[in-house]
Amino acid sequence: MQTHDQRTARELATVVARELRTRIRGTPGFEGALVHLGVGEPAVVTRADWRDQRAHQRVLVDGPEGEVLRSLPERDEVLDADSFGGAPVAGIEGPDSEREPGLAVVAKRRVGGRNNALAMADLLHRSGDWKRSFPGFVAATPFISPDWSVYVNYPRWVDENAYHAYMADERNSACQEDIARLETSEPEFVMCAPFEEIGVDASGDHEPDS
């Protein structure tokens, strides 16, 4: 979600985290979420993990538990809201994979089909040799939409300094032409920092799936 200013973004992030913590956590199929605040722009980014698409649909799209979250894009302070659903594919880990990330980037690329989506995932792995040993790099997890048209990468670093060093490395720019050939439009990037993590409810007091 894009909004007017950082204060409003923080207020919206607080609402999102509260709803996930109090109404979504503990529902069947929910596997955790991480709410982020934009860095350099007033935005809220939420990564939510679900067991499958059916659980996401039942709770967040159709269920009463997701009512407040569904209504957020209609608020006056929300300038733009975008959502993406996709399945994770194999990613790569860096030398700091055990550390908590301090910065993430959501890189959304429209690739137009299965072959390009898989080729994009392959490029990540082919470039992974140096990334796996780059100081401050935590991990990168790619996702592909069900129709194969969108590829989203979610790389993380320990802090902003590690991110800038990574981006300045000449090996990072070496594969940009290969990436561009697989895209059907300009990519979209959001840099963000973790705001609140919502884990699963381990109490076991919710009703199982029927």
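Please treat every number below as a calculation from the coordinates, not as lab data. Just so you know, these numbers come straight off a predicted model, no measurement behind them. Cβ coordinates were reconstructed from backbone atoms using ideal geometry, including for glycine residues, and neighbour counts include every protein chain displayed.
Okay, which of the range 147-185 sit inside 14 Å, backbone N to the point 7 Å along the Cα-Cβ direction of Ala90?
Counting backbone N atoms under 14 Å from the label point, the list is empty.
Let me see the P(r) profile for the range 1-41: every Cα-Cα distance counted, bins of 5 Å, each bin given as a percent of all pairs.
Final binned percentages: 5, 23, 27, 18, 14, 9, 4, 0.
Please express the Cα-Cα pair-distance distribution P(r) of the range 24-139 as a list of whole percents, one per 10 Å bin, running from 0 to the bin with the greatest distance.
10, 32, 38, 18, 2
Give me the extension gain from Ser149 to Asp62: residue separation times 0.36 nm, minus the current Cα-Cα distance, reported in nm with one decimal. Let's see the in-between values first.
On the way: separation 87, 0.36 × 87 = 31.32 nm, distance 2.45 nm.
Here the segment from Ser149 to Asp62 would lengthen by 28.9 nm.
Could you pull out the chymotrypsin sites (Phe, Trp or Tyr not before Pro) across the range 69-137 that fall in loop regions by DSSP (anything but H, G, I, E, B) with no more than 15 other Cβ atoms inside 10 Å?
Details: sites: Phe84, Trp130, Phe137; in loops: Phe84.
Qualifying residues, ordered by number: Phe84.
Any idea how far apart Asn172 and Arg114 come out in nm if each label point goes 7 Å out from Cα toward Cβ?
Each label point lies 7 Å from its Cα, and together they span 3.4 nm.
Only bridges with both residues in the chain count here: give the DSSP antiparallel percent, nearest 5. It would help to have the intermediate numbers written out before the result.
Numbers: 37 of 37 bridges.
That works out to approximately 100 percent antiparallel.
Estimate the FRET efficiency between Ser133 and Gln2 by the formula 1/(1 + (r/R0)^6), using the beta-carbon distance for r and 35 Å for R0, to the nearest 0.05. The partial results should precede the final answer.
Values: r = 35 Å, r/R0 = 1.01.
In this case the efficiency is close to 0.50.
Length gain on complete extension for the stretch Asn161 to Arg70, per 0.36 nm per residue less the alpha carbon to alpha carbon distance? List each step's numbers first, then the result.
Values: separation 91, 0.36 × 91 = 32.76 nm, distance 3.51 nm.
Going from the current span to full extension adds 29.2 nm.
Can you give me the relative contact order of the range 32-121 as a percent, contacts being Cα pairs under 8 Å and 6 or more apart?
Numbers: 38 pairs, mean separation 10.9, N = 90.
Worked out over the range 32-121, it gives 12 percent.
Can you tell me the relative contact order of the chain? Whole percent, Cα pairs under 8 Å, sequence separation 6 or more.
On the way: 401 pairs, mean separation 60.5, N = 210.
Relative contact order here is 29 percent.
What is the spin-label model distance, in nm, from Asp122 to Val200 if the labels are put 7 Å beyond Cα along the C-beta direction?
Inter-label distance under the simple model: 3.4 nm.
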